[in-house]
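Have a look at the structure below before the remarks.
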């Protein structure tokens, strides 16, 4: 699973499309960057089928699901009984129920399709839906990984550049692009 393609990365990094000598290295770095971004965001971005199971202590009117955006909910059950009195907030990945979920000792199961169509999975009939900011973040992080490991600054004459990430795991520019997609809590 990668948040971009080797061809797109080569284009944005200024690497000639016909230069295949870097493909293996780019593939490795893009895969690592994609994985790090998903770990940081605490979620998967790939469009897939989910079956979330919630137990004990669910209170309130909103039920937060793992895979969003939500494209389609196929089944919601509370204690193995189908329920249909809910509304879907697809972008935030939540189900709203006017009477609340109140599952202190109940089991809630939600089967649904969620996530984004990744660049590598896109077709003419099913185009990419992954936000471009996530794809760019992956390429920027790949670019950082391609630099000399451990280098936090570089000086050439009067020009100084800092590559460090201030110890937060992801470079600052990458974090600013992906923070909007981070699952909190």
Among the candidates 134, 170, 130, single out the residue that is under 16 Å from residue 32 (Cβ atoms) and at pLDDT 95 or above.
134
Within segment 24-58, how many residues are touching a residue at least 60 places away in the same chain (Cβ under 8 Å) and surrounded by 15 or more Cβ atoms within 10 Å (Cβ to Cβ)?
17
Quick check on my filter: what residues within segment 65-110 are in contact (Cβ under 8 Å) with a residue 40 or more places away in the chain, closer than 24 Å to residue 127 by Cα and loosely packed, with under 15 Cβ neighbours inside 10 Å?
72
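The values are calculated or read from the model by the stated rules, or taken from the named source; none is laboratory data. These figures come from a predicted structure and were not determined experimentally. Positions of Cβ are generated from backbone atoms using ideal geometry, with glycine treated the same way; all protein chains shown enter the neighbour counts.
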